[in-house]
Amino acid sequence: MFSQPVVRDEHNVPLVRGFAKGIVEDLRVKLPWYWSDLKDAFHTKSLTTILYIFWGALANAVAFGALLGDATEGYMGATETLLATAALGMLYPLLCGQPLTIMGATGPIAAYIIALRSIGVSLGIPFLPLYAWSGLFLAVYLLLGSLFSVSNAIRKVTRFTEELFSVLVSVIFIYEACNYFVTLFINPEVSHGEAKAGLFVGLLTFFTATGIRGCRNGRLFNQWIRNRVADFAPVIAIFLGLGVSWLLIGHYGIDKIDLDFLPFTSGDITGTTLGTDVRPWLVDLTDINAAGIGLAAVGGLFAFVVIFFDQNITVRLVNASEHKLKKGYGYDMDMMALCLCTVLLSLCGCPWLVSATVPSLNHCRSLCFFGNEGGNDKQEDEERRIEEQSMKTLNKLRDLVSMSGVPEGDLDDAEKASSVRSVSESGLSHKDLVVAIHKESTSAIEMMSLPSGTEITGCLEQRLTPFTTHLLILLALLFLRPALGSIPLAVLRGLFMYNGWSNLAGNEFWDRIWLFITDPKKFPEKSYVQVKLWKVHLFTVIQIVLLIGILVLMRSPAGFVFPIVIGLLHPIRLMLVKLPYFSEEEMELLDSHF
């Protein structure tokens, strides 16, 4: 059964499917590629990606671990987050349907865990038992979602929801990084020299990574060298930041440049943040009453909403056509793997992990081939793509010219009248047609003049880079804790900011925000610029209001219910077309599917 080819109908995807039909189909698609997923990893891109994502995953775990540790009084801190990231990050890519994603804690999940604890404290319910029971209910919901293909619903969602959620995650990353640097200057216990050094090192890491990454489209050297340097951009930035930090400490002394370092000690790796005598690894599930279990059932449902969007939108973004993936997807396999991981995390009182958006996209893009990097087959595919695009452009130009009704040669009165009728029937003036032809011709010229090697032509799809990345985190925790303890937090906060910023690339919601201050003559060649500008701004403002509303709600006493707002994003998008401001054609231009 698993050896037979599977042909998926991408245009008629049901919201739900019969029992286990979806996951069986996923297995039929993914299992034939499993050996390829292992052997394809032996490539130079794998090495650069592992070195990059290791630091990103480490920074992500430390940052959210510290955040949760402060909010939960140490009952769920950096130790629990790091060990969970290392262990489950190795298990998940071996079981899931899309191994290019990276498991990690995320801002929305961390905010929800904090909100869950707050409501538990207000009702006198112990945090860890409430969390563990919520996680077990969450695992049940994930299991049902996997067996009945509930993830199909995410493919009905448009850019409105996906890109808003992606910007939300980036804002959380950038906010946490900026908040750290601001705190350095307002904290009376931090010296002025430490604050300035921390800000300098963080910004140095950020701008170095951003600048080197941009050299892929530069003029120096050849494309192969530029691609290799760009692949190592975050790694170079980290080591540069680390080197400068210790040069400053060596020059001015530890008393003046007393930077914060990763909170690692040489203690027992088996210990929890508070120690196993205070907080054992296994949660006592009996230390809760019936009302608490009832609250956990609701808490698990709300957590399912957050994780459903966080997980599936990330996978959807990784599966985007721009990444040129060839091995298919497995949304139900992803949910089943996540279900198993959630059970283990809940019983141990570790934060729930999902496919984190920013590390996952950075991981996928780091593995992408540009130009003819992937070999002759990739180059032939790119040439075929350009040829197909050229044919489409020629057909569009022919259709536009035919709409004008203008024949070759001089026009007599009858032909002029015929031309006017043809243009009138098309609903466009001759001026509009000339503008449309100009735009189409400009787009074709830009496509043909793109520098060789700057377009994504493929991706190194395999399972070993995420596995190895998290294995390195585990080995570092076991054997290199003193060395990790010498890494300044400012360097990782700079990488945090870079991860959030780089995730915004290509996000149309983010691009449309800049249209408020962009010269109309410099607008991008996107479908939404064909809509009246005030309508584009109105559509963008609606998204901004929703984004701000979610951020405010997440940090309010009512933060427990912010998943409801996330779940309502797509219904709100469907309601917009009912308003008198947007037609269906305009909405399609403003908010197309991926």
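The values are calculated or read from the model by the stated rules, or taken from the named source; none is laboratory data. Just so we're clear, the structure is a prediction, and the values are computed from it rather than from any experiment. Positions of Cβ are backbone-derived with ideal geometry, glycine not excepted, and every protein chain shown enters the neighbour counts. Only protein heavy atoms, including side chains, enter the accessible area calculation; ligands, DNA and RNA are left aside. Shrake-Rupley method; radii C 1.70, N 1.55, O 1.52, S 1.80 Å.
Condition (residue is within 30 Å of Phe539 (Cα to Cα) and either modelled with pLDDT under 80 or open to solvent by 60 Å² or more (accessible area, probe 1.4 Å) (or both)) applied to segment 161-177: is it met by at least one residue? Yes - at least one qualifying residue is present in segment 161-177. Per the conditions (1) in a helix (DSSP H, G or I); (2) open to solvent by less than 10 Å² (accessible area, probe 1.4 Å); (3) closer than 29 Å to Cys348 by Cβ, the sole criterion not satisfied by Leu94 is (2).
Suppose we filter Pro108, Pro126 for residues that are more than 22 Å from Thr469 (Cα to Cα) and either at pLDDT 90 or above or of a type in the set (A, V, I, L, M) (or both); which single one remains?
After ruling out the rest, the residue left standing is Pro126.
For Tyr498, the stated conditions hold: it is among the hydroxyl-bearing types (Ser, Thr, Tyr), crowded, with 19+ Cβ neighbours inside 10 Å and in contact (Cβ under 8 Å) with a residue 12 or more places away in the chain. Take segment 316-332 and flag every residue that is within 19 Å of Val24 (Cα to Cα) and either crowded, with 24+ Cβ neighbours inside 10 Å or of a type in the set (Val, Ile, Thr) (or both). Matches in segment 316-332: Gly330, Tyr331, Asp332.
Of (1) outside any helix (DSSP H, G or I); (2) of a type outside the set (S, T, N, Q); (3) open to solvent by 10 Å² or more (accessible area, probe 1.4 Å), Tyr141 satisfies all except one. Which? Going through the list (1) outside any helix (DSSP H, G or I); (2) of a type outside the set (S, T, N, Q); (3) open to solvent by 10 Å² or more (accessible area, probe 1.4 Å), Tyr141 breaks only (1). When Val235, Val244, Val229 are checked against the criterion of being in a helix (DSSP H, G or I), open to solvent by less than 20 Å² (accessible area, probe 1.4 Å) and either farther than 30 Å from Asp310 by Cα or modelled with pLDDT under 85 (or both), a single residue qualifies: Val235. Only residues that are more than 19 Å from Thr357 (Cα to Cα), open to solvent by less than 30 Å² (accessible area, probe 1.4 Å) and not hydroxyl-bearing (Ser, Thr, Tyr) were counted in segment 41-60, giving 2. Taking the numbered list (1) open to solvent by 30 Å² or more (accessible area, probe 1.4 Å); (2) part of a helix (DSSP H, G or I); (3) of a type in the set (S, T, N, Q) in turn, Thr540 passes all entries but (1).
Report yes if Ala290 is farther than 29 Å from Ala78 by Cβ, surrounded by fewer than 24 Cβ atoms within 10 Å (Cβ to Cβ) and in contact (Cβ under 8 Å) with a residue 60 or more places away in the chain, otherwise no.
Judged against the criteria, Ala290 is not a match.
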